[in-house]
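**Q** The structure is given below, and queries will be raised subsequently.
The values are calculated or read from the model by the stated rules, or taken from the named source; none is laboratory data. All values derive from a computational prediction rather than experimental measurement. Here Cβ is always computed from backbone atoms with ideal geometry, including for glycine, and neighbour counts include all displayed protein chains.
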Amino acid sequence: MKLTLQKLERAVASGTRPQAELVATVKNLLGQLQVLSDIVTSFSEFAKMPLPRNERMDLVAVIREVESVFSGDEKIDLQLQLPDSPVYMTGDSKLMNRILANILINAGQSARPQQKRVHVRIGLEVKEDTHKVLLAISDDGSGIAAEVRERVFIPRFSTKKEGSGIGLAVARHGVEQMGGTIWFETEEGKGTTFYLQFPLLD
């Protein structure tokens, strides 16, 4: 932006540049300012995330709520593999809903060329030996490129034209606020699995 401003300053001072060129430079500056504004807004929204209202929560019920929202979605074909009985943990159901939605939206945007819909499976495993519950969200999209894997949880980072780039950052922040951990495994051209692990409620 500094370089663009310097060019504009010289152009105005010389008085020889065509008006169309000056207008194009101003439009370029406005575009850069909008990008900066979007970045500031995204970080502000991320910083203002309220603390979760952690309470007894049935994770199975939350997942089924998310499924109802994404049923009929044009970008993903969602399948569930869940226990028949409730799985209780301490968490914020609204925040968990948002976390899962962010991951599913991300999956829907990962389609390979010519892939009409991304197949997504949500599985839930109760680990009695470690007293944990493991949630796995797998897709068969394009996978995450090796050079960007370390940055996927950074706010505002995105490899896509659409979206704010804070979805996965919000997901990690929310998971950690509920005492959990999140990580992923991916293979380019084959897909990605996000794992979310939380303590079971006693």
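**Q** Identify the residue in segment 165-202 that is closer than 15 Å to ILE99 by Cβ and assigned to a loop (DSSP other than H, G, I, E, B) and, among all such residues, is modelled with the lowest pLDDT.
**A** ILE166
So that you can scan it fast, the table gives a plain yes or no per residue for (1) closer than 18 Å to LEU168 by Cβ; (2) touching a strand residue (DSSP E or B) at 6+ places or on another chain (Cβ under 9 Å); (3) at pLDDT below 90; (4) of a type in the set (D, E, K, R):
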position	(1), (2), (3), (4)
LEU80	no, yes, no, no
ILE103	yes, yes, no, no
ASN106	yes, yes, yes, no
HIS119	no, yes, no, no
GLY123	no, yes, no, no
LEU135	yes, yes, no, no
ARG149	yes, yes, yes, yes
VAL152	yes, yes, yes, no
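**Q** Can you confirm whether SER142 is at pLDDT 90 or above, touching a Lys or Arg at 6+ places or on another chain (Cβ under 8 Å) and part of a loop (DSSP other than H, G, I, E, B)?
**A** For SER142, the condition - at pLDDT 90 or above, touching a Lys or Arg at 6+ places or on another chain (Cβ under 8 Å) and part of a loop (DSSP other than H, G, I, E, B) - is met.
**Q** Output yes when any residue across segment 120-134 is within 22 Å of PRO52 (Cβ to Cβ) and in contact with a Phe, Trp or Tyr (Cβ under 6 Å, 6 or more places away or on another chain), and no when none is.
**A** yes
**Q** On the given criteria, is VAL69 touching a Lys or Arg at 6+ places or on another chain (Cβ under 8 Å), aliphatic (A, V, I, L, M), more than 28 Å from GLU188 (Cβ to Cβ) and touching a residue at least 12 places away in the same chain (Cβ under 8 Å)?
**A** On the way: touching a Lys or Arg at 6+ places or on another chain (Cβ under 8 Å): no; aliphatic (A, V, I, L, M): yes; more than 28 Å from GLU188 (Cβ to Cβ): yes; touching a residue at least 12 places away in the same chain (Cβ under 8 Å): yes.
Against the criterion (touching a Lys or Arg at 6+ places or on another chain (Cβ under 8 Å), aliphatic (A, V, I, L, M), more than 28 Å from GLU188 (Cβ to Cβ) and touching a residue at least 12 places away in the same chain (Cβ under 8 Å)), VAL69 does not qualify.
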